[in-house]
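Engineer: Could you have a look at this structure, given as structure tokens, before my questions?
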Amino acid sequence: MAVDHYENFPVASLLLPRRLRGPVTDIYRYARAADDIADEGNASDAQRLADLAAFRAELHRIGAEPGSMPAPSATLAPIFTPLAQTIAQHQLPITPFFDLLSAFEQDVTVKQYEDYATLLDYCSRSANPVGRLMLHLYNAATPDNMEQSDAICTGLQLVNFWQDVRVDWRKQRCYLPREDLLRHHVTDEDIAACRLTPAWRTLMAFQVARTRALLHSGAPLARRLPGRIGLELRLVVQGGLRILERIELCGYDVFMNRPKLGVKDWAVMLWRSR
């Protein structure tokens, strides 16, 4: 599967050692399929939640005693049969998979967050489980590593939110905390009309600075991990930081200038990742 759609797998296909490409693909397939249920198509909220409930039942089946529950349906078997094998082979914890699922379910029912704390709680389930699973695959899931991985993953999730304000608004979602909008005097009407006001620039400058600090707080993990995983993580961090730079360079106009990484950006990221 391509790894350019689900934002938490940015460069995995390029730098993963061969022995982990299969397991990461299995994890990605699960995350992508569940995320698509929550986000894509024209299904009703009730249908989305029902489909995600079927995913939850499959996770319970994986965690149950062998033979105690029915085999997966023909529709879900291509996702959950290889995932079950990967979880067993690498002795992965199943909690991160439930956490991801709870975040996707929340996407269906919650369209905006009142404060930064509740947004961070969402990120702890929508983004952080990916980093924790990667650490388990690399046998590096120490408490310190997981704490810094959480900072990186949450930072990357926030970067994605800030570059996709307009895209999310069209989906009737806004990840800018309500308390920040009120504090900076930015209204829903301003966002809907793509108004590039001084208040908007101040709001986005605040978000960029806070997110940059979060990425920097987790960055030492990338220097501590050896080999390919360290290089991959350094590139991931630099990618997030580069997007934040691009948001600043366009005057915080993410309405008409959604930041994207080009060839020159990758050259900068590689240089800074040395």
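The values are calculated or read from the model by the stated rules, or taken from the named source; none is laboratory data. Model, not experiment: these values are computed from the prediction. Cβ: placed from backbone, ideal geometry, glycine included. Neighbour counts: every protein chain shown. The protein model used for the area step is the full one, side chains on, heavy atoms only, and it has no ligands, DNA or RNA in it. Shrake-Rupley method; radii C 1.70, N 1.55, O 1.52, S 1.80 Å.
Engineer: Looking for whichever is free of Cβ contacts under 8 Å to residues at least 24 places away in the same chain and in a helix (DSSP H, G or I) here; the options are A74, A151, A141, A50. Which one fits?
Structural biologist: Only one candidate qualifies: A50.
Engineer: Considering only residues that are open to solvent by 40 Å² or more (accessible area, probe 1.4 Å) and hydrophobic (A, V, I, L, M, F, W, C), which ones fall in the range 225-247?
Structural biologist: Within the range 225-247, just L231 meets the criteria.
Engineer: Based on what the data block shows, is R195 without any contact (Cβ under 8 Å) to a residue 40 or more places away in the chain, open to solvent by 20 Å² or more (accessible area, probe 1.4 Å) and within 23 Å of K260 (Cβ to Cβ)?
Structural biologist: Here the answer is yes, as R195 does meet what is asked.
Engineer: Given the conditions (1) over 17 Å from L83 (Cα atoms); (2) surrounded by 16 or more Cβ atoms within 10 Å (Cβ to Cβ); (3) at pLDDT below 90, which single one is not true for L20?
Structural biologist: (1)
Engineer: For the range 75-86, enumerate the residues that are within 21 Å of R19 (Cα to Cα) and touching a Phe, Trp or Tyr at 6+ places or on another chain (Cβ under 8 Å). Working first, answer last.
Structural biologist: Applying the first criterion (within 21 Å of R19 (Cα to Cα)) to the range 75-86 yields 78-86.
Result: I79, F80, L83.
Engineer: Exactly one condition in (1) under 17 Å from the mean Cα position of the chain (by Cα); (2) open to solvent by less than 70 Å² (accessible area, probe 1.4 Å); (3) at pLDDT below 95 is false for C250; which is it?
Structural biologist: Single failed check for C250: (1).
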